[in-house]
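Reviewing the structure listed below.
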Ligand code: GLU
């Protein structure tokens, strides 16, 4: 079996070292075994993605010395497929409309809305609305999200922890789905249609991805993706989650924290080879400037 993997950034900002590490990890894994490396642009949320960031992704990865197959799959070109899957789930009664804002959900969960704890009950959704409330908020034109009801998923699939995948990265072995940790996740929104989670499982299948190689921050998401694979009759790839690269203060790199971008690193005169070596990748790529 030829290993097929991908790097799948969302163009919501410029790439930073954490992205470079992830892309190099996947690219190297493919290269080491004569596999294939694909690039996928995850731009389902067009309210946050921008064309100049997408151009930045290509520029930064090229500078880093990576190559990928073309054409690059861009999720915004495949909306109809994702919306069709969303519709399939909806027709089976697996989704419900959620009008609650984050603040409303926190209040319902008994947490102060200003609590800045990332481990907060984001997973707490409050469940489906009473029919009258749903009708009222719908008629008022309020924005809403389509959430996947784990209860309904369980009704259809049985015990969700029977769904499993092979993990070859951190904590290797057979893993079982524990989607409860993230709760009834958003599958789509009134404004953008189907979102990242659906798009990612459809794309991994459509692109024949055998190995999903990505950061361990996405381990919890894997449970939901595994449930969706079962609900949408899609294959389950092997997962290889890697440890996250940490900055000097031991924090993970994040766009929202203003992590130094690859563009800045380049502008400061660092060579791609130097950056690769700093990140622990020594193999020359043959495209040295
Ligand atoms: N688009 C996701 C991100 O930028 C990556 C998802 C994945 O690799 O499955 O975090």
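Bear in mind that the values in this text are calculations on the coordinates, not laboratory data. Computed from a predicted model, the values in this text were never measured in an experiment. Reconstructed Cβ throughout: ideal geometry from the backbone, glycine too, with neighbour counts over all protein chains shown.
What shape does region 1-44 take by its C-alpha gyration tensor, where a ≥ b ≥ c are the square roots of the eigenvalues and a/c under 1.5 counts as rounded, a/b above b/c as prolate, and the rest as oblate?
Here region 1-44 falls in the oblate category.
Ranked by Cβ crowding within 10 angstrom, fewest neighbours first, how are 39, 148 ordered?
Ascending Cβ contact count within 10 Å gives the list 39, 148.
Just subtract the alpha-carbon distance of residue 136 and residue 83 from 0.36 nm times their residue separation and send over the number in nm, one decimal.
16.6 nm
If you look at just the Cα atoms of region 144-198, how large are its Rg and its Dmax in Å?
13.6, 39
Just for region 106-262, what percent of DSSP beta bridges are antiparallel, to the closest 5?
If I count the DSSP bridges inside region 106-262, around 60 percent turn out antiparallel.
So what's the angle, to the nearest 10 degrees on a 0 to 90 scale, between helix 219-231 and the longest Cα principal axis of the chain?
60 degrees
Normalised by the number of residues in the chain, what is the relative contact order in percent for Cα pairs under 8 Å and 6+ residues apart?
24 percent
May I ask you to sort 247, 268, 60 by Cβ crowding, counting other Cβ atoms within 10 Å and putting the fewest first?
Exposure proxy ranking, most exposed first: 268, 247, 60.
Relative to the present Cα-Cα distance, how much length would full extension add between residue 273 and residue 155 at 0.36 nm per residue of separation?
My answer for the length gained is 37.2 nm.
For the chain, find the longest principal axis of its Cα atoms and tell me its angle to the long axis of helix 79-91, 0 to 90°, nearest 10.
It works out to around 30 degrees.
Semi-axes of the equivalent ellipsoid for the chain, please: Cα gyration tensor eigenvalues, times 5, square-rooted, ordered largest first, whole Å.
34, 22, 18
In the chain, what percentage of the DSSP-assigned beta bridges are antiparallel, given to the nearest 5?
55 percent
Under 17 Å from a label point 7 Å along Cα→Cβ of residue 249: give me every residue in region 1-31 with its amide N that close.
Residues passing the 17 Å test: 17-18.
Suppose a student asked you for the relative contact order of region 153-266, using Cα pairs under 8 Å spaced at least 6 residues apart; what percent would you report?
This gives 30 percent for region 153-266.
As a test of the formula, what do you get for the chain when each DSSP H run with n ≥ 4 contributes -39,500 (n - 2.57) and the sum is divided by the residue count, at 222 nm and rounded to the nearest 500 deg cm²/dmol?
Rounded to the nearest 500, the figure is -11000 deg cm²/dmol.
By how many degrees, between 0 and 90 and to the nearest 10, does the Cα long axis of helix 17-32 differ from the longest principal axis of the chain?
70 degrees
Can you give the FRET efficiency to the nearest 0.05 for residue 69 and residue 171, using r as the Cβ-Cβ distance and R₀ = 25 Å?
0.25
What Rg and what Dmax come out for region 173-225 when only alpha-carbon atoms are used, in angstroms?
12.2, 39
May I ask you to derive the FRET efficiency for residue 180 and residue 232 from their Cβ-Cβ distance with R0 = 22 Å, giving the value to the nearest 0.05?
E between residue 180 and residue 232, to the nearest 0.05, is 0.65.
Could you line up 82, 96 from fewest to most neighbouring Cβ atoms inside 10 Å?
Going from sparsest to densest Cβ surroundings: 96, 82.
To the nearest 0.05, how large is the calculated FRET efficiency for residue 266 and residue 50 if R₀ is 22 Å and r is the Cβ-Cβ distance?
0.65
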